[in-house]
1. As an exercise: evaluate GLN80 against (1) part of a loop (DSSP other than H, G, I, E, B); (2) at pLDDT below 85 and give the number of the one condition it does not meet.
2. Can you tell me which condition VAL47 does not meet? The list is (1) hydrophobic (A, V, I, L, M, F, W, C); (2) touching a residue at least 40 places away in the same chain (Cβ under 8 Å); (3) more than 26 Å from VAL168 (Cα to Cα), and all the others hold.
3. Could you pull out the residue among ALA60, ALA24 that is surrounded by fewer than 15 Cβ atoms within 10 Å (Cβ to Cβ) and within 23 Å of ALA219 (Cα to Cα)?
4. Taking segment 162-179, which residues are part of a loop (DSSP other than H, G, I, E, B) and under 18 Å from the mean Cα position of the chain (by Cα)?
5. Is it true that PHE87 is at negative phi, in a strand (DSSP E or B), hydrophobic (A, V, I, L, M, F, W, C) and not assigned by TED's automatic domain parsing to the domain that holds VAL229?
6. Working carefully through the options GLY134, GLY151, find the one that is over 16 Å from the mean Cα position of the chain (by Cα), at positive phi, modelled with pLDDT under 85 and assigned by TED's automatic domain parsing to the domain that holds ASN221.
7. Look through GLY39, GLY50 and report the one residue that is on the phi > 0 side of the Ramachandran plot and more than 32 Å from the chain's Cα centre (by Cα).
8. Looking for something assigned by TED's automatic domain parsing to the domain that holds GLY224 and under 30 Å from GLY39 (Cα atoms) - is there at least one such residue anywhere in segment 175-191?
Amino acid sequence: MGRIRTIKPEFPQSETIGKLSREARLLFIQLFTLADDEGRGRGAGPVLVGALYPYDDDAARLIGAWLDELVTHECVTIYQHDGSTFFQIINWTKHQKIDRPSTSRFPSPGGEMAARIAEKDIEAAIYDAVCRDGRFAGRTVIDVQRQVRVGSSYLDLVIKAGAETFVVEIKRDRMSGADLAQVKRYCELVDGIPVLIGSGLSPKLSVEECVSAGVAVVAHNAAGISILVPSKNVTECSITFASVTERSSTDLGPRTVDQVPGPRTEDHSRAVAGAPPAVLVGNLFLQFWEAYPKRDGANPKEPARKKFVALIKNGESADAIVASAKTYAGQLRAKGQEGTQYVAQAITWLTESRWLDYTARPDHAESLRETDRMMASKGFAWVDGRWQKEEELMPV
């Protein structure tokens, strides 16, 4: 049964409340009416929708985002017990003065608020989710490493996704101006894109400061992470995981050798990134195999997979190989040769580096320069709208 609760006059002026959307503020106030005398209640989405939004058809779709806001800004904790979901209003006694309170019939969250989760567990959960999903910031992940050592510093996560390298700094608590400066300094060491992850923004760190610094800010809670302040290169960042639990293992994964701070070299990002995890390479090969044209005749998959893995571990671009396979398939389709004996076996196509013949020339200037350097190192030049071997250009 709902309860009569009070709202303090200073509630609308609270900085924490001011960071919430109007919908999240309304949900927070309505949770007061469901909370028992210890600030707890059932927190499953359908239960809340049925009790608080009986006339709103879109509430079931939107309530998850509102709850995420309340968790991110440390207004509410959402927790599990024996398969059921509950909520606990944080600082409940500051919001309500209750005479002769009744003992809650709901289990407590055990004092384990989201902000007290160890950084290494948040890092591990994000690492596992990135490896599982193969996506980060809207891009296909090629490589991910934990605790990368650069000089005297350790970078929490270095993620190679698409043509970009992301440097991810993770904080257990709310993020401060010092955290913002730290991730920017790390990015200067490896020429990466900064991403700062924490439980929310501290009162002394504004959204405007984050935008001005060009740092993407992401919030974590028990469900996963979601974008809080986008940047030029990071406009989406959503990862889900079932829970973050304390881990007994202290294994933080492979570390790279020391890197000398200073200007980035041609192969610096590759040296920092290291070899891709097997799960990512496996996912990337499946993308290649799906893109590669079908042929009439034998096309052994396992030899092609081994060659593909060797190419990626040698530093070749998985995205470029997959894109080239799609281009190759399109050209054969246009000629009516797809599905015929004229399609090369995938192992032959990879072994002879035929994918280089179908590498598209990118429009972006930096990607253009990187592609030119890579192709030049392999003896190719861009002439008359296609890549050609240098020996083909020599006068006879």
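1. It fails just one condition, (1).
2. (2)
3. ALA60 is the lone residue from the list that is surrounded by fewer than 15 Cβ atoms within 10 Å (Cβ to Cβ) and within 23 Å of ALA219 (Cα to Cα).
4. Once the filter is applied, which keeps residues that are part of a loop (DSSP other than H, G, I, E, B) and under 18 Å from the mean Cα position of the chain (by Cα), segment 162-179 yields GLY162, ALA163, LYS171, ARG172.
5. On the way: at negative phi: yes; in a strand (DSSP E or B): yes; hydrophobic (A, V, I, L, M, F, W, C): yes; not assigned by TED's automatic domain parsing to the domain that holds VAL229: yes.
In short, yes.
6. Answer to the selection: GLY151.
7. Of the residues listed, the single one that is on the phi > 0 side of the Ramachandran plot and more than 32 Å from the chain's Cα centre (by Cα) is GLY39.
8. There is at least one residue in segment 175-191 that is assigned by TED's automatic domain parsing to the domain that holds GLY224 and under 30 Å from GLY39 (Cα atoms).
The values are calculated or read from the model by the stated rules, or taken from the named source; none is laboratory data. Just so we're clear, the structure is a prediction, and the values are computed from it rather than from any experiment. Cβ atoms come from the backbone with ideal geometry, glycine included; neighbour counts cover every protein chain shown.
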